[in-house]
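Visitor: Sharing a structure with you now.
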Amino acid sequence: MAEAGRGGAVQVSVIVPVHNSECWLDECLKSVWEQDFKETMELSVFNDASKDGSAEIIEKWKIKLEDAGVSVVIGSNDSSQPRGVGFAKNQAVIQSSGTYLCFLDSDDVMMPQRVRLQHEAAIQHPNSIIGCQVRREPLESTERYTRWINNLTEEQLLTQVFTSHGPTVIMPTWFCSREWFFHVGKFDEGGKGVPEDLLFFYKHIQKGGEVFRVNRCLLLYRYHPQAATHSILEGTIWNHRVRFLEDRVLSCWTSFTIWNAGKQGKKLYRSLSPANRKKVTAFCDVDEKKIRKGFYTYEESEERPKPQIPIRHFRDATPPFIICVKLDLTGGAFEANLNMLNLKEGMDYYHFN
């Protein structure tokens, strides 16, 4: 924990990992310069083997920022190969000294109030990851995802952590205390293909961390083909999500129903540990054809006879449910069915979609 003790004079360090970011970096660093935060702030940039003009842009902004009273720390990996986002973020944190850490991706832009408002929230919520609402650029790129990020209720920030959308507050909006960051234990440095933000978020929750969102749009969040997110395999994330669900929820349940007798529901069933598969009492659905079929046979099972799981109409099924139906896709039909049952999210059901 030695690193955690370095904070003192600087209140907030803005943490920016950089890799070949020259086309966005000017706007990104200008948004640091435009912050209306009145206390001490530093910028900590780690340049991870960029081959473009990123280094020159960082040097240019170092002069402007230091003129404005913001100290700048620059680190770099000068080898020919980048070490990855997790490594770059960790290095930027280790070389910084702020009591609080404000994470910023080099292709995103902060609104002038971001540091001030998240700093206020972080003081109120010491063991939390603080997020905020975002504006997506281009606007229509991920509409469902953006709606989800911006509209989760305070309770859902903790109950919807198992969905395929990932962390309920997205990584480029994270703000937390330095002490808490080192308590959770840094980002995974496995490099390309590792969902380092998801793994950190899960560890944060396992250690009793809270999640809080400032309900203001404080970040312009860019969507583009070069984003590191696109290098992560869906299967990798699926496996992490299943293990986390088993650890956090299914370990406390003696039986449950999987809501969706289609592809996603069956995939979840097959991905469970043998002990958790035995807890599945039924699948439920609205599809008459599936319900008429009566049951799902687990063909891959070594058991004889092979397990047969009943398929019921959702109205005849018994909670608790793990729901494998995508939200916000059926024009409200699924949501209306769920509301009809008067269940409590986080107790009677969790979304895993």
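Visitor: For region 6-97, just list the percent of Cα-Cα distances falling in each 10 Å bin from zero outward, please.
Guide: 18, 52, 27, 4
Visitor: For ASN150 and LYS289, what does the FRET efficiency come to when R0 = 25 Å and r is the distance between their Cβ atoms, rounded to the nearest 0.05?
Guide: 0.10
Visitor: Between region 80-132 and region 28-55, what is the separation of their alpha carbon centroids in Å?
Guide: 11 Å
Visitor: Rounded to the nearest angstrom and ordered from largest down, what semi-axes does the equivalent ellipsoid of region 51-177 get from its C-alpha gyration tensor (root of 5λ)? Could the numbers behind the result be given before it?
Guide: Details: eigenvalues 156, 70, 49 Å².
Each semi-axis is √(5λ); the values are 28, 19, 16 Å.
Visitor: Can I ask one more? Output the antiparallel fraction of DSSP beta bridges having both residues in region 254-325, as a percent to the nearest 5. Walk me through the numbers on the way to the answer.
Guide: Details: 3 of 13 bridges.
Antiparallel: roughly 25 percent of the beta bridges in region 254-325.
Visitor: Another question about this same structure. Provide the packing ranking of 258-265, 291-298, i.e. peptides ordered by the mean count of other C-beta atoms within 10 Å per residue, highest first.
Guide: Numbers: 258-265: 21.6, 291-298: 13.9.
Ranking the peptides 258-265, 291-298 by packing returns 258-265, 291-298.
Visitor: Please give the net charge around VAL18, taking every other residue with its beta carbon less than 15 angstrom from that of VAL18, where Lys and Arg add +1 and Asp and Glu add -1.
Guide: Numbers: positive: LYS30, LYS51, LYS60, LYS62, ARG83, LYS89, ARG222; negative: GLU22, ASP26, GLU27, ASP48, ASP52, GLU56, GLU59, ASP78, ASP105, ASP107, ASP108.
After counting each charged neighbour, the total is -4.
Visitor: OK, next. Which pairs in the list LYS186/LYS326; LYS89/LYS207; LYS89/LYS203; LYS267/LYS326; LYS293/LYS344 are over 25 Å apart, alpha-carbon to alpha-carbon?
Guide: Working: LYS186/LYS326 31 Å; LYS89/LYS207 21 Å; LYS89/LYS203 17 Å; LYS267/LYS326 14 Å; LYS293/LYS344 30 Å.
Beyond 25 Å: LYS186/LYS326; LYS293/LYS344.
Visitor: If you don't mind, there's one more thing I want to ask. On the protein heavy atoms, probe 1.4 angstrom, tell me the percent of accessible surface of region 70-188 carried by carbon and sulfur.
Guide: In region 70-188, the share of accessible area belonging to carbon and sulfur is 48 percent.
Visitor: Compute log10 of I(q)/I(0) for region 77-126 with the Debye formula, placing one identical point scatterer on every Cα and leaving out solvent, at q = 0.32 Å⁻¹, to two decimals.
Guide: Cα-only, vacuum Debye calculation for region 77-126: -1.21.
Visitor: Additional query: Based on Cα positions only, what radius of gyration and what Dmax would you give for the chain, in angstroms?
Guide: Taking only Cα atoms of the chain, I get Rg and Dmax of 22.5, 75 Å.
Visitor: Of all beta bridges DSSP finds with both residues in the chain, what is the antiparallel percent, to the nearest 5?
Guide: Numbers: 9 of 51 bridges.
That works out to approximately 20 percent antiparallel.
Visitor: Kirkwood hydrodynamic radius, computed over distinct alpha-carbon pairs, for region 243-346: how many Å, to one decimal?
Guide: Values: mean 1/r = 0.0701 Å⁻¹.
It works out to 14.3 Å.
Visitor: Give, rounded to the nearest 20 debye, the magnitude of the charge dipole that the chain has about its Cα centre when Lys and Arg contribute +1 at Cβ and Asp and Glu contribute -1 at Cβ.
Guide: Numbers: 43 positive and 45 negative charges, 310 e Å.
Charge dipole, the chain, about its Cα centre: 1480 debye, nearest 20.
Visitor: Please state the relative contact order of the chain as a whole percent: Cα pairs under 8 Å, 6+ residues apart? Mind showing how you got there, number by number?
Guide: Working: 656 pairs, mean separation 55.9, N = 353.
Across the chain, relative contact order equals 16 percent.
The values are calculated or read from the model by the stated rules, or taken from the named source; none is laboratory data. All of these numbers come straight from a predicted model, not from anything done at the bench. We place every Cβ from the backbone using ideal geometry, glycine too, and count neighbours over all the protein chains shown. What goes into the accessible areas is simple: the full protein's heavy atoms, side chains included, and nothing from ligands, DNA or RNA. Shrake-Rupley method; radii C 1.70, N 1.55, O 1.52, S 1.80 Å.
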